[in-house]
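Note sheet for the following structure.
Every number here is computed from the coordinates shown, using simple stated rules; none is lab data. Keep in mind the model is a prediction, meaning the values are calculated, not measured. Positions of Cβ are backbone-derived with ideal geometry, glycine not excepted, and every protein chain shown enters the neighbour counts.
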Amino acid sequence: MKAGSKKDLVTVINRSAEELHQKIDMQRYLMTTLLEKKVGDETLKQLALPTYFPDENRLKQAIMETIEVLEESRKAFKSKRLEVLRKKLTQVLIESK
């Protein structure tokens with residue numbers, strides 16, 4: 001491994017470790033706040049940093065695309081498991097709105 005590559009790898013590892021420490025600190029803060037103040041869902045949303053939650057639109061888009069592919073391949077594969085999976089994903093998407 002080249003010296004420059006090792007340095008880059010160490011930088012990435014250090015950055016990743018620092019991000020993990022920040023997330024742990026945020027988790028500790030949120031849990032302490034919840035336990036001490038018994039805050040509601042709305043307050044929790046205000047406390048939480050958006051970077052700690054997955055991008056919901058991106059996840060919803062991926063689920064919709066998966067449902068479309070399962071729908072298109074429905075006749076070709078005639079799988080009960082795929083049908084159940086498609087229906088479950090559809091239900092999750094409906095409930096998330």
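Give me the dipole magnitude in Debye, nearest 20, for the range 54-97 about the Cα centre, with unit charges on the beta carbon: positive for Lys and Arg, negative for Asp and Glu. Mind dumping the intermediate values first?
Details: 11 positive and 8 negative charges, 70 e Å.
Computed charge dipole of the range 54-97: roughly 340 debye.
Within the P(r) computed for the range 54-97, what percentage of the Cα pairs occupies the region above 11 Å?
Distances greater than 11 Å cover 64 percent of the Cα pairs.
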